[in-house]
Structure formats: C-alpha cells, structure tokens
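Written out below as structure tokens is the structure these notes cover.
The values are calculated or read from the model by the stated rules, or taken from the named source; none is laboratory data. Because the structure is predicted, anything quoted here is derived from the model rather than measured. Glycine gets a Cβ as well: all are built from the backbone with ideal geometry, and neighbour counts include every protein chain shown.
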Amino acid sequence: MDFLMAGLNPVAFWAAMAVTLCSGFIKGAIGFAMPMIMVSAFSSFLPPEVALAGLILPVLLTNLSQAFRQGWRAAWQTARKFWRFLAGTVVFILLSAQFVRDIPQPVFLMLLGLPITVFALLQLAGRKLALRLEHRARAETVLGVIGGLYGGLSGIWGPPLLVYLLSVGAEKVETIRAQGVVFLIGAVVLLAAHLQSGVMNATTAPFSAALALPAMLGMALGYAVQDRLDQGRFRWWTQVLLVVTGLNLMRQAFNV
C-alpha cells in the first residue's frame, strides 16, 4: 500500500480516494467536472504536483469510457466535427505543460473562473449567448487554444468546451460524447506532457493508478443518473456546475 500513496499519510490518501469517487459520479451523471472537482479538493491537502499527477489516469480512463459509450463510429464522427477544438487543445497542452512550475496559478485560475461564472449565470438567467454561425469555426479554435493553455498548467481544460457546446445548443448525447472525445485526447496528451515535465513519475504514477478504481466506480453509478436526465434538466445542471466551478476557481485564485 505504501508505494501507492506517493508519500502521503493514510488520511490524505483515503480522502483523495473519496473525492475521486464523488467526482467520478458527477462526471458519469453530467459528463464533466471530474478534474475540476479533484483539483479543487486536492489543493487543500495535497502538494500541487501530486494533485495534478493524481488526476491524470482517472481522467484518462473515465474519458475513454465516456467517448466510446455509443461506439467507435460515433466517437470518430464527433472527433471530425470538433477537430478545431481538438487541435488547439492538443498543441497548447503540450506547450503550456512545460511551464507548469513557472507561471503563477492564481492568475490563470482567475482568468478562467471569472468568464465561466459570468457566462453560466447569464445562461441561467435566460440570456441567450449563442455564437453567430459565421464565427463558430473561429470561436471553436480560440476556445480550444484557451482550454489547452489551462489544461497543461492545471489539468483543467473542460470549461471552454462546455461554453462552446452550450453556445451552439448541442443536444445532450452529443454534448457528453464530445466532452469524452475531447477530454480523452487531451488526457493522453496531458499524460505525455507530464511524463516529459516530470510531474508524472515513479512516485506519483502508482497514486494516480490507485485513484482510477474509485473513479471508474463513481462513473458507473453516475451513468444511471445521466440516462434519466432530459435535455432541459441536463442543460440546467451543466450551467449550475459551471457556476460552482467558476466560483471555486476564483476562490482558489485568492487562496481563501
């Protein structure tokens, strides 16, 4: 057991397992928020690099399940449809991961959290912020780049994709599958980037592997909830979680 714990005391290890189970359940139900919940909770009791490494394998495996839930053909069609977002995410995760030890996290957390919170609150208030059709390709590319920049630094690249999908009115199944495909490819790149950066190493990799078990259990439980949500409730819960996520990112930026 000791080699799985990355030098952590038992309380911290089991707390991380519990957080991962809960985040896996929410991801199974809504399709996202797993790394955001893990990073937010882990930051209070784990060293930053251990927290980042810990989420890498759970995120990779749960997104593999999510992306291919409707089969490989559906996943491939989604990858082709959102290739601009994928390209921006992949390239900029690789670039930004090399600066994970150099760039102040509070600045990035605030720049990510504030616009997400404002966008989701406006959506909940009934304000329609759909992107104009002629600007969708540009917006998709730009949001992919933003997601990649934050993903390499923090392990979080989901909110920009959610903003885009909500803006263009994607339906529930496509939204969840698109998240799975984009997050899966990003997770593979994140793993490769942090093998290179040294964040994922012989000490942290077993810890991340251990967290994959509660992640997959939570994911399976969450799927049962997801299948019962209609489009309206799914969209509402997505917006609520974006607000909570954005506020929590800003809280972390101020370290309160």
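Assessment of the stretch 155-171 against the conditions (in a helix (DSSP H, G or I), at pLDDT 85 or above and of a type in the set (Val, Ile, Thr)) yields no matching residue. Of the residues Thr175, Thr141, the single one that is at pLDDT 80 or above and within 15 Å of Trp236 (Cα to Cα) is Thr175. Does Val59 satisfy being surrounded by 21 or more Cβ atoms within 10 Å (Cβ to Cβ), modelled with pLDDT under 90 and either within 20 Å of Leu242 (Cβ to Cβ) or among the basic types (Lys, Arg) (or both)? Considered against the rule, which asks whether it is surrounded by 21 or more Cβ atoms within 10 Å (Cβ to Cβ), modelled with pLDDT under 90 and either within 20 Å of Leu242 (Cβ to Cβ) or among the basic types (Lys, Arg) (or both), Val59 comes out as no. Can you go through Leu195, Leu184 and tell me which one is buried (at least 21 other Cβ atoms within 10 Å of the Cβ) and aliphatic (A, V, I, L, M)? Answer to the check: Leu184.
In the stretch 73-86, the residues that are over 12 Å from Phe183 (Cβ atoms) form Cβ pairs under 8 Å with partners that are crowded, with 20+ Cβ neighbours inside 10 Å and acidic (Asp, Glu), at six or more places apart or across chains, as follows: Arg84/Glu140.
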